[in-house]
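The values are calculated or read from the model by the stated rules, or taken from the named source; none is laboratory data. As the structure is a prediction and not an experimental result, all values here were calculated from the model. Methodologically, a virtual Cβ is constructed for each residue, glycine included, from the backbone with ideal geometry; neighbour enumeration extends over all protein chains shown. Side chains are part of the model used for accessible areas, which takes the heavy atoms of the whole protein and leaves out ligands, DNA and RNA. Shrake-Rupley method; radii C 1.70, N 1.55, O 1.52, S 1.80 Å.
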Protein chains: 2
Amino acid sequence: MATPKPGKPVRGSKTGQPIMALFDLLGRSWTMGVIWHLYKGPSTFRKLQEYCESISPTTLNKRLKELTESHLIERSIDGYMLTQQGRELFELLSPLGKWAKTWANNYTSK
Amino acid sequence: MATPKPGKPVRGSKTGQPIMALFDLLGRSWTMGVIWHLYKGPSTFRKLQEYCESISPTTLNKRLKELTESHLIERSIDGYMLTQQGRELFELLSPLGKWAKTWANNYTSK
DNA sequence: AGCTTTGCTATCAAATATGTAGCAAAAATT
DNA sequence: AATTTTTGCTACATATTTGATAGCAAAGCT
């Protein structure tokens, strides 16, 4: 599948509304996990495979290409790393970590 | 596929870390879009189908079941609506809207 | 020069999503 | 009260995505 781009048809919006393009990008298996792991620091392909537990190389490679095309990650001497934009995105995503914990609690108590 | 639950194996974490369970849930096609639309107010199945443009009934139905099991949405007299938890989640997601716009700009200028 | 690690591709199988049709139940209309 | 319309889905076939496994070429040690 093509990398979703704002302004082009994406899942959720034929006119490619930015938020829907972003949801299309983030809403693919592993994408958010990869961003999450890369925030800790640059990482190689093989290390990402370990961190992401059961991700297949096929899928990881696709995700890395999409994120690169989207200017959220880039390659450095140390492997893949988040760009400035990527870091900003992570920081918006990071409150989800705390929320998820309380969600997990409610979950078990219901 | 089963609804991801914290504490159970999910994509990204065999022990079901809450954040990974959340990413597994949100990172399925249309999930974030559905939450986004429902924040505006309760909506019926058919209206969600319209809002989400090309979502298939099969997929919509699956997503609605997952979100219900996850206590993020519930049914009311007016149709599906976000729960309190669902609204909280949306509010964490909402900054993405603004970010996506600047992302879209950078995108076109590169 | 040989051994390892890294980044990936190829291939095939399994899981998901899509498209279209249509039906039963509830609601609105006549 | 009978008829039409709307709603919420299910069935089924097809297309697309993801996953598992094997393995190879290039780079980096030793």
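Below, the figures for the structure above:
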read-out: Which listed residue is open to solvent by less than 70 Å² (accessible area, probe 1.4 Å) and within 16 Å of DNA strand D (Cβ to nearest atom), from A:Leu25, A:Leu89; value: A:Leu25
read-out: Count - residues of the stretch B:53-70 that are open to solvent by less than 20 Å² (accessible area, probe 1.4 Å) and not in a loop (DSSP other than H, G, I, E, B); value: 4
read-out: Matching residues in the stretch B:77-96 - criterion: being within 9 Å of another protein chain (Cβ to nearest Cβ) and in contact (Cβ under 8 Å) with a residue 24 or more places away in the chain; value: B:Leu89, B:Leu93
read-out: Search result, residues across the stretch B:71-85 that are at pLDDT 95 or above and either assigned to a loop (DSSP other than H, G, I, E, B) or of a type in the set (A, V, I, L, M, F, W, C) (or both); value: B:His71, B:Leu72, B:Ile73, B:Met81, B:Leu82, B:Thr83
read-out: Matching option when the condition is in a helix (DSSP H, G or I) and more than 15 Å from the chain's Cα centre (by Cα), among A:Glu50, A:Glu88; value: A:Glu50
read-out: Given (1) part of a loop (DSSP other than H, G, I, E, B); (2) open to solvent by less than 60 Å² (accessible area, probe 1.4 Å); (3) away from chain B (no Cβ under 11 Å); (4) not charged (D, E, K, R), index of the condition A:Pro4 fails; value: (3)
read-out: Cross-chain or 6+ apart pairs with Cβ under 7 Å, the stretch B:48-76 first and away from chain A (no Cβ under 13 Å) and near DNA strand D (Cβ under 8 Å from one of its atoms), then of a type outside the set (D, E, K, R) and assigned to a helix (DSSP H, G or I); value: B:Pro57/B:Gln49
read-out: Breaking point among (1) without any contact (Cβ under 8 Å) to a residue 24 or more places away in the chain; (2) in contact with an Asp or Glu (Cβ under 8 Å, 6 or more places away or on another chain); (3) more than 10 Å from chain A (Cβ to nearest Cβ), for B:Trp99; value: (3)
read-out: Failed condition for B:Thr44, given (1) farther than 22 Å from A:Gln17 by Cα; (2) within 12 Å of chain A (Cβ to nearest Cβ); value: (2)
read-out: Which numbered condition B:Leu38 misses (of (1) under 20 Å from A:Val10 (Cβ atoms); (2) within 12 Å of chain A (Cβ to nearest Cβ); (3) part of a helix (DSSP H, G or I)); value: (2)
read-out: Whichever residue in the stretch A:8-20 is within 7 Å of chain B (Cβ to nearest Cβ) and of a type outside the set (D, E, K, R) and, among such residues, is farthest from DNA strand C (Cβ to nearest atom); value: A:Pro18
read-out: Unmet criterion (only one of (1) within 15 Å of DNA strand C (Cβ to nearest atom); (2) open to solvent by less than 40 Å² (accessible area, probe 1.4 Å)) for B:Arg46; value: (2)
